[in-house]
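Since the structure comes first, as C-alpha cells, the remarks are kept for the end.
Since every read-out is calculated from the coordinates, none of them should be taken as a lab result. Because the structure is predicted, anything quoted here is derived from the model rather than measured. Reconstructed Cβ throughout: ideal geometry from the backbone, glycine too, with neighbour counts over all protein chains shown.
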Amino acid sequence: MNADVDTGFVFGVGTDLIKICRINRLMQKYPQQFLNRVFTAGEIAFCRARLNAAAGLAVRFAAKEAVRKALSIGGAKGCSWRDIEIISRPDGKPAVKLHNKTAALAAQQGVGDILISLSHEKELALAFAMAIRRD
C-alpha cells in the first residue's frame, strides 16, 4: 500500500467502462475537434506513440470519467475534460494531474491525491479512481 494513503481517508471512488470502438468512431468523425476538447497535448502524443492509439485514448477517457465521479464533480461548470490529465510516472504507473477549476474544487474538498488503475482489452477500456482526502 502507498504510504501516503495511510495519512488520509477515502473521499470518493469512481469507475468507468467504455467501448474502444466508441472512441475510434469519435476520432474518425471529429478528428482534431474531439481530441483537442478532451485530451491534453501530452496525452495525445503519448497515445499516438503507441501501437493502438484508440485503446490508450479510451482508457484515459474512462480514467477522466472515473476521476470526475470520485470527486463528485459530474458536469460542474468550468471543469474541462482537459483539466484532468492522465500522465505516466517515471516508474510507468499512471497518475492524475489536475488543472484549473478541477484542481481548485479538489483542493476545496481537501483531496490531496487521486489513485487510479487502468486496463484495456481488445474491445473495452476500464478505469478506477480513488480520491484521498487529507486530514
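Below, the figures for the structure above:
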| item | result |
| --- | --- |
| Largest to smallest principal axis extent of the C-alpha atoms in the stretch 10-134, angstrom | 39, 29, 25 |
| VAL10 paired with LYS122, simple spin-label distance in nm, labels 7 Å along Cα-to-beta-carbon | 3.3 nm |
| Surrounding net charge for ILE86, when Lys and Arg each add one and Asp and Glu each subtract one, Cβ distance under 10 Å | +1 |
| Taking the chain and dividing mean pair separation by its residue count, relative contact order in percent (alpha carbons under 8 Å, at least six apart) | 37 percent |
| Dipole of the chain, positive end: most advanced residue of ILE132, ALA45, ILE84 [Cβ charges, Cα centre] | ALA45 |
| Around ILE116: net Lys/Arg minus Asp/Glu count, Cβ-Cβ under 13 Å | +3 |
| Length gained when the stretch ASN52-LYS29 is fully extended (0.36 nm per residue, less Cα-Cα span) | 6.5 nm |
| Listed residues LYS64, LYS77, LYS97, most fluctuating in the chain (Gaussian network, C-alpha, under 10 Å) | LYS77 |
| Sorted by Cβ neighbour density within 10 Å, fewest at the top, the residues LYS93, LYS122, LYS69 | LYS122, LYS93, LYS69 |
| Charge sum, other residues only, whose C-beta stays under 15 Å from HIS99's C-beta, Lys/Arg counted +1 and Asp/Glu -1 | +4 |
| Candidates GLU65, GLU43, GLU121: whichever shows maximal mean-square fluctuation once the chain is modelled as a Gaussian network with Cα springs under 10 Å | GLU121 |
| Non-local Lys pairs in the chain, i.e. 8 or more apart or on different chains, that have alpha carbons under 15 Å apart | 6 |
